[in-house]
Amino acid sequence: MATGVGGAIKRAGGDAIEFAAVRQGPLGLGDAVVTPAGQLAARMVIHAVSLDRDRRTSAFAIRSAVENAMARARENDVRTIAFPALGTGVGGYPLDEAAQITLAALRSELPRSPSVEVVTFALRGAAAYAAFQAAMHAEEAVQATALEGAGVR
């Protein structure tokens with residue numbers, strides 16, 4: 001039985017989602033593909049590979065997965081997109097680092113993705129929520145400091 005986010009998507013949306021993804025494989029670490037959403041209340045599912053065959057991940061893999069998911073979103077004029085805490089489940093990557101990597105990748109990708117209006121983080125548990133909230137506050141502080149350094153107040 002599939003576990004984690006992929007398993008939850010399969011259980012909620014049906015086997016057709018997984019079959020469509022498998023037909024596009026094999027995928028490399030960091031790659032992303034689009035499938036129909038099956039029975040989910042969505043137009044599509046973007047599958048981003050953040051774990052290798054041994055279920056390990058790295059900062060590079062997480063960043064690449066986010067970047068390639070955003071590329072697929074651009075190609076499909078996606079207006080809303082949701083990201084889990086990639087690599088932090090069975091991959092065991094530290095939540096705080098994964099949150100920082102994800103937000104940094106989104107910061108660079110969102111200006112290139114004008115159709116994306118809403119990014120949602122689909123997180124499980126208080127620790128994941130706290131890690132992403134802390135990373136968002138840190139991102140806001142970096143942006144405010146950069147603006148002040150440029151003379152904007």
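Assuming a viscosity of 1.306 mPa s and a temperature of 10 °C, what translational diffusion coefficient in µm² per second does Stokes-Einstein assign to the chain, Rh being the Kirkwood radius over Cα pairs? If you can, show how the numbers build up before the last one.
Details: Rh = 16.2 Å.
So the translational diffusion coefficient is about 98 µm²/s.
Please check: in the Gaussian network model of the chain (C-alpha springs, under 10 Å), which one of Ala61, Ala130, Ala48 has the largest mean-square fluctuation.
Highest fluctuation of the listed residues: Ala130.
With +1 on the Cβ of every Lys and Arg and -1 on the Cβ of every Asp and Glu, and nothing else charged, how large is the dipole of the chain about its Cα centre, in debye rounded to the nearest 20?
Numbers: 15 positive and 15 negative charges, 64 e Å.
Dipole magnitude for the chain comes out near 300 debye.
Karplus couplings for the range 88-97 from phi (6.51 cos²θ - 1.76 cosθ + 1.60, θ = phi - 60°), rounded to Hz, Gly and Pro as x?
Each residue's phi maps through the Karplus curve to give 8, x, 5, x, x, 6, x, 4, 5, 5 Hz.
How far is it, in nm, from the label point at Ala126 to the one at Asp15 when both lie 7 Å from their Cα along the line to the Cβ?
Going by the 7 Å Cα→Cβ label model, 4.0 nm.
Choose one of Val116, Pro26, Ala105: the residue whose Cα lies farthest towards the positive end of the charge dipole of the chain (beta-carbon charges +1 Lys, Arg; -1 Asp, Glu; about the Cα centre).
Pro26
Taking the number of other C-beta atoms within 10 Å as the exposure measure, put Glu140, Glu67, Glu109 in order starting with the fewest.
Values: Glu140 10, Glu67 17, Glu109 20.
Starting with the residue having the fewest Cβ neighbours, the order is Glu140, Glu67, Glu109.
Assuming R0 = 25 Å, can you tell me the calculated FRET efficiency for the pair Asp77 and Gln133, based on Cβ-Cβ distance, to the nearest 0.05? Don't skip to the answer; put the middle values down first.
Details: r = 29 Å, r/R0 = 1.17.
Efficiency at R0 = 25 Å is approximately 0.30.
Starting with the highest mean, order 79-86, 90-97 by the number of other Cβ atoms within 10 Å, averaged over the residues of each peptide. Show your work: numbers first, answer last.
Values: 79-86: 19.0, 90-97: 16.0.
Result, highest mean first: 79-86, 90-97.
Values in this text are rule-based calculations from the coordinates and carry no lab data. This is a predicted model, so every value here is computed, not measured. Positions of Cβ are backbone-derived with ideal geometry, glycine not excepted, and every protein chain shown enters the neighbour counts.
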